[in-house]
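The structure appears below as structure tokens.
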Amino acid sequence: MRPAEQLLVELGVSEAKEIDLLAIADCVGAQVLYRRLVGCEAQIIGFKDRAIIYVSDGARPNRKRFSTGHELGHWHHHRGQSFVCRSHDIGRPLDERSRNAERMADVYSADLILPPYLIKPKLHSIGETSLDAIVGLAREFSASLAATGIRIMRMTREPLILIAQDLAGTKWQWPGITVRSLRVREDIDLRSSVSVSLAGVNRVGPIKKEPASYWFDRRHIEQFDVGVQSVRTIEGEALTLLRILDPKMIDIYG
């Protein structure tokens, strides 16, 4: 187990509702205060074995929660240092193997809010992963939809890709470990259901079967179909869960 998970285990946390970040912060010598911040989203001021964490009170609840976990990550990994974290420093979906201080704090926060040892049995009970299931887990763990989806992508062996897009195209994509090198195209095909999600309401759409050529720019890939389910997030992006339906597609293009 990594440090955040180990802390939760030591504290006896066995359910999502028991992940009380303010109480956890107190256990590790940090006090969390919510207040108006200018020019940053969160900051930590540490001295010896005590720290004060300030988190912007204007952020959405799930964002406050992740920012709090992020600063606790700094307290664990970089004790004795102070950090001022802007919005683009926190929660960027990048390779978690990075040793950059902000990415290390992000990983700690994700492990604290969405601990794998609690997520794993949930995945077993869910069966086949859908966007509806991800939404349910996000609500249960009081986490963002994107963070919850990425956690599942890191744990599942289903042939899935999680994709975030806006009107300009693909912002990021997180492939499951079994899809190998398959990556979706950078632009949006207006025939795909994601274009409807971007223009619609914040509601999970139905699972649809679409030609793979709507999503991948590979020669002769139109012979395959993919399963697609999208939702428009509160940030105005579309989050899509794409499923490879035929393993031959991975064999040929992955």
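Observations
- The apolar share of the surface of the chain, taken as the fraction of accessible area on carbon and sulfur atoms (1.4 Å probe, ligands and nucleic acids excluded), comes to 51 percent.
- Linear extension gain, D132 paired with R157, 0.36 nm per residue minus alpha-carbon span: 7.2 nm
- 10 Å beta-carbon shell around G176, net charge (K/R +1, D/E -1): +3
- Net lengthening on full extension, A101/L190 (0.36 nm per residue, minus Cα-Cα): 28.2 nm
- Orientation-averaged projection of the range 3-113 equals 6.5 nm² [convex hull of Cα atoms, one quarter of hull surface area].
- Take the range 98-184 with all the other protein chains still there, run a 1.4 Å probe, and you get 40 Å² of accessible area per residue.
- Label-point separation, E140 to V9 (7 Å along Cα→Cβ), nm: 2.0
- Summed residue charge, Cβ within 12 Å of C27's Cβ, Lys/Arg positive, Asp/Glu negative: -3
- For I126, I119, the ranking by accessible surface with the largest value first comes to I126, I119, using a 1.4 Å probe.
- Computed E for R79/A199 - FRET, C-beta separation, R0 35 angstrom, nearest 0.05: 0.15
- Sites I52 and D166, calculated FRET efficiency, Cβ-Cβ separation with R0 41 Å, nearest 0.05: 0.70
- The angle separating the long axis of helix 116-126 from the principal Cα axis of greatest extent in the chain is about 30 degrees.
- Crossing angle, helix 145-155 versus the chain [Cα axis fit, 0-90 degrees, rounded to tens]: 80
- Heavy-atom accessible area with a 1.4 Å probe sorts S109, S56, largest first, into S56, S109.
- Note on the chain: with charges restricted to the Cβ of Lys and Arg (+1) and Asp and Glu (-1), its dipole about the Cα centre is near 180 debye.
- Estimated from helices alone, the mean residue ellipticity of the chain at 222 nm is -10500 deg cm²/dmol (sum of -39500 (n - 2.57) over DSSP H runs with n ≥ 4, per residue).
- Here the peptides 7-18, 182-193 are ranked by packing, the mean other Cβ count within 10 Å, and the order with the highest first is 182-193, 7-18.
- With Cα atoms, 0 to 90° folded angle of helix 61-77 axis to the chain main axis: 60
- For mean projected area of the Cα convex hull in nm², calculated from these coordinates, the label among (1) 13.1; (2) 13.8; (3) 12.2: (2)
The values are calculated or read from the model by the stated rules, or taken from the named source; none is laboratory data. The structure displayed is predicted, hence computed values, not measured ones. Glycine also receives a Cβ, built like all others from the backbone with ideal geometry; neighbour counts cover every protein chain displayed. Remember, those area values only see protein heavy atoms, side chains included, never the ligands or the DNA or RNA. Shrake-Rupley method; radii C 1.70, N 1.55, O 1.52, S 1.80 Å.
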